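The values are calculated or read from the model by the stated rules, or taken from the named source; none is laboratory data. Given the structure is predicted, the values throughout are model-derived calculations rather than measurements. Neighbour counts run over all protein chains shown; Cβ positions are idealised from the backbone, glycine included. All accessible areas refer to the heavy atoms of the entire protein, side chains included, with ligands and DNA or RNA removed. Shrake-Rupley method; radii C 1.70, N 1.55, O 1.52, S 1.80 Å.
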Amino acid sequence: MRFDLCRAALAMAVTLAALLAGSAQAVTLRVANQGDAQAMDPHALNEALQLSLLGNVYEPLVGRDQKLQLTPALATRWSATSPTVWRFELRRGVRFHDGTPLSAADVVFSFQRAAGEGSDMRSYSASIKVVRAVGDDTIEIETTAPFPILPDVISNVYIMSRTWCEANQATRPVDRRKGVENAASFKANGTGPFQLKERQPGTRTVLTRFAGYWAPLSTNVTEVVFTPIGNDATRVAALLSGEIDLMEPVPLQDIARLKANPALKVLQGPELRTIFLGMDQQRNELLYSDVKGKNPFKDRRVRQAVYQAIDIEAIRTRVMRGAATPAALMLGPGVNGYPADLDRRLPYDPTAAKRLLAEAGYPSGFEVGMNCPNDRYVNDAKICQAVAANLARIGVRIQLQAEAKVTYFPKILRRQTSFYLLGWTPGTYDAHDVLSALLATPNEQGQGQTNLGSYSNARVDALTAAVQSETDPAPRNALIREALELHAKDIGHIPLHQQALAWGMKKNIELVQPPDNMMPFKWVVVK
């Protein structure tokens, strides 16, 4: 009896110690960003913050390591079995957060969903003919033409549970452009290292470690509280007061102050994102302009006038405080196929700009609306204000509408814009992504899905298709070069700059800062 009591007491002590140890090991990471994800649906918006946050909950077949090299994720092996067919062997033993096992049927469903109506991920599937299951643990992806970089292209296509989507009436993506919502707006069921615990749009999103994750993790973080704080000063104050542990982006004017704080540090680095301006080149009459009966942006001379009226050096030094690299191309250093020798901007020349406008029939300029986010890119609204001031000097009067991305993105993705600012990071880290998504003529298969001004050049389209199939680096780079040079001569878009990354955090935070501005919490350690 006494022995049993002692054994029971010992067992209780062990249990209590385990509970205390578990409590001591619980680590909450409090993260703030200037914006929020638009939905918990991984196919709803092809935008870096959206994909970054949801990339902790959902996973692709092929992932990226800390150096952005391809690495197995939900697929353990992949190979091209013919010029147009890729085979992927699925990882066994993977379960979704609700406990159901991953199967080939889920992968086929997810690719169909990502390519379907309402999806903003269709540009990644534009060249996919069919995805089919080969048994329970293998799938094949057949493309319309040889596609040697297919594994790179699908690294942002996250896999969902078919059963969960069917049970929750979420078989089609959330489509904010049309106001279509479903359970995937607020719920999630992925295979990733973190699972969704709480979602309050615009206020707070809470993720917790998934105990059934298929791989060991290096992080000690057990809970992530993600909070959107749009106001720069408020976000910085939250870090200084200890209310949050990690934030991005750090406002440019506060970098030096945070660096000087002994309890904090700022991690800076180059970003692959290019910030640019787009113009409606499709409509015969702009939606938002005082020019009636014609579209000024269809005239290359007008597009060049706008380009040469922008004082990019003033934007770099005054608006961006030096934390930007002026760009002449729609992609920058670090992207495969980048031709450095072509990256030369046209000179800033307001006099030449005025002459071009007069030649195009607008000697007094014209008025046009401009759409801009104010919580997505570094100093995005200030960039647009600077552009508007520059253009006023040549008679182009800008009616600027700067707004939160929650209303901005649905509007411009519906193409309800005449002139807009956008940023783009090639999800494949390859020039083909830029050519296919931004420069190619939009079609029903998803090509040109983010070419929101509908720039079109048949030769650029042909080169984009050729780049997709070419495997020899030298001729492939020559094709990329020709396409980018043609686009630059057309002034199809107006590149501005590549912005720099700046993350602020407490000194006890160790993490990886990839140049694509993704933030995988599985690589964060709180010391």
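Is it the case that Q281 is open to solvent by 40 Å² or more (accessible area, probe 1.4 Å), within 25 Å of the chain's Cα centre (by Cα) and not hydrophobic (A, V, I, L, M, F, W, C)? So that I can check it myself, show each step before the final result.
On the way: open to solvent by 40 Å² or more (accessible area, probe 1.4 Å): no; within 25 Å of the chain's Cα centre (by Cα): yes; not hydrophobic (A, V, I, L, M, F, W, C): yes.
Spelling it out, it is not the case that Q281 is open to solvent by 40 Å² or more (accessible area, probe 1.4 Å), within 25 Å of the chain's Cα centre (by Cα) and not hydrophobic (A, V, I, L, M, F, W, C).
Listed by position, the strands (runs of 3 or more DSSP E) inside region 103-220 whose residues that are modelled with pLDDT under 95 number at least 2 form an empty set. Could you list all residues from region 285-313 that are open to solvent by 10 Å² or more (accessible area, probe 1.4 Å) and either among the hydrophobic types (A, V, I, L, M, F, W, C) or in a helix (DSSP H, G or I) (or both)? Within region 285-313, L287, V291, K298, R300, R301, R303, Q304, Y307, Q308, I312, E313 meet the criteria. Within region 483-498, the residues that satisfy the criterion of being outside any loop (DSSP other than H, G, I, E, B), more than 13 Å from V434 (Cβ to Cβ) and open to solvent by less than 10 Å² (accessible area, probe 1.4 Å) are I494, L496, H497.
Only residues that are in contact with a Gly (Cβ under 7 Å, 6 or more places away or on another chain), outside any strand (DSSP E or B) and not aliphatic (A, V, I, L, M) were counted in region 234-281, giving 2.
Condition first: open to solvent by less than 10 Å² (accessible area, probe 1.4 Å) and not in a helix (DSSP H, G or I). Now tell me which residues in region 314-323 satisfy that. Before you say what the answer is, go through the steps one by one.
Start the filter on region 314-323 by keeping residues that are open to solvent by less than 10 Å² (accessible area, probe 1.4 Å), which leaves 315, 320.
Matches in region 314-323: M320 only.
The residue pairs whose first member lies in region 222-235 and is among the aromatic types (F, W, Y), whose second member is outside any strand (DSSP E or B) and open to solvent by less than 20 Å² (accessible area, probe 1.4 Å), and whose beta carbons are closer than 9 Å, counting only pairs six or more residues apart or on different chains, are F226/D36; F226/A37; F226/L53. In region 446-482, of all residues being part of a helix (DSSP H, G or I) and small (G, A, S), the one that is farthest from L45 (Cα to Cα) corresponds to A474. Mind listing just one residue for me: the one in region 192-210 that is within 21 Å of the chain's Cα centre (by Cα) and of a type in the set (K, R) and, of those, most open to solvent (accessible area, probe 1.4 Å)? Filtering first and then ranking leaves R204. Exactly one residue among L486, L511, L501 is in contact (Cβ under 8 Å) with a residue 24 or more places away in the chain and touching a strand residue (DSSP E or B) at 6+ places or on another chain (Cβ under 6 Å), and that residue is L501. Looking across region 213-243, the residues that are among the small types (G, A, S) and within 22 Å of G202 (Cα to Cα) come down to G230, A233, A237, A238, S241, G242.
If we keep just the residues of region 422-432 that are among the hydrophobic types (A, V, I, L, M, F, W, C) and within 15 Å of the chain's Cα centre (by Cα), which is surrounded by the fewest Cβ atoms within 10 Å (Cβ to Cβ)? Lay out the reasoning, then the answer.
Initially, region 422-432 is screened for residues among the hydrophobic types (A, V, I, L, M, F, W, C), giving 422, 424, 431.
Checking which are within 15 Å of the chain's Cα centre (by Cα) leaves us with 422, 424.
Values: L422: 26, W424: 22.
Within region 422-432, the match that is surrounded by the fewest Cβ atoms within 10 Å (Cβ to Cβ) is W424.
The single condition among (1) open to solvent by 50 Å² or more (accessible area, probe 1.4 Å); (2) among the polar types (S, T, N, Q); (3) not in a helix (DSSP H, G or I) that T441 does not satisfy is (1).
T144 falls short on exactly one of the conditions (1) hydroxyl-bearing (S, T, Y); (2) surrounded by fewer than 17 Cβ atoms within 10 Å (Cβ to Cβ); (3) out of contact with any Ser or Thr (no Cβ under 6 Å at 6 or more places or on another chain), and that condition is (3).
Scanning region 85-102 for residues that are assigned to a strand (DSSP E or B) and aromatic (F, W, Y) yields a total of 2.
Could we say that E285 is without any contact (Cβ under 8 Å) to a residue 12 or more places away in the chain and among the acidic types (D, E) here?
On the way: without any contact (Cβ under 8 Å) to a residue 12 or more places away in the chain: yes; among the acidic types (D, E): yes.
Yes, satisfied.
Across region 402-416, the number of residues qualifying as in contact with a Cys (Cβ under 8 Å, 6 or more places away or on another chain) and either open to solvent by less than 10 Å² (accessible area, probe 1.4 Å) or farther than 18 Å from K382 by Cα (or both) comes to 1.
Out of the residues in region 161-191 that are among the β-branched types (V, I, T) and more than 23 Å from F226 (Cα to Cα), state the one that is surrounded by the fewest Cβ atoms within 10 Å (Cβ to Cβ).
Only one residue tops the list, namely V180.
Taking region 259-278 as the range and being within 30 Å of the chain's Cα centre (by Cα), open to solvent by 20 Å² or more (accessible area, probe 1.4 Å) and modelled with pLDDT of 95 or more as the test, the residues that pass are K259, K265, V266, L267, Q268. For region 67-81, check the following and say yes or no: at least one residue is over 16 Å from I154 (Cβ atoms), assigned to a loop (DSSP other than H, G, I, E, B), open to solvent by 40 Å² or more (accessible area, probe 1.4 Å) and in contact (Cβ under 8 Å) with a residue 40 or more places away in the chain. Checking region 67-81: not a single residue is over 16 Å from I154 (Cβ atoms), assigned to a loop (DSSP other than H, G, I, E, B), open to solvent by 40 Å² or more (accessible area, probe 1.4 Å) and in contact (Cβ under 8 Å) with a residue 40 or more places away in the chain.
When residues in region 48-66 are screened for being closer than 18 Å to D375 by Cβ and surrounded by fewer than 20 Cβ atoms within 10 Å (Cβ to Cβ), 1 of them pass.
In region 333-359, the residues that are open to solvent by less than 80 Å² (accessible area, probe 1.4 Å) reach residues that are of a type in the set (S, T, N, Q) and part of a helix (DSSP H, G or I) with C-beta atoms within less than 6 angstrom, at least six apart or across chains, in these pairs: G337/N477; L346/Q308; D349/Q308; A352/Q308; A353/Q308; L356/Q304. Tally time: how many residues in region 366-420 are within 23 Å of A352 (Cβ to Cβ) and assigned to a strand (DSSP E or B)? Residues in region 366-420 being within 23 Å of A352 (Cβ to Cβ) and assigned to a strand (DSSP E or B): 8 in total. Residues in region 148-155 include at least one that is within 29 Å of R176 (Cα to Cα) and in contact with an Asp or Glu (Cβ under 9 Å, 6 or more places away or on another chain). Of all residues in region 89-99, none are open to solvent by less than 20 Å² (accessible area, probe 1.4 Å) and closer than 24 Å to A465 by Cα.
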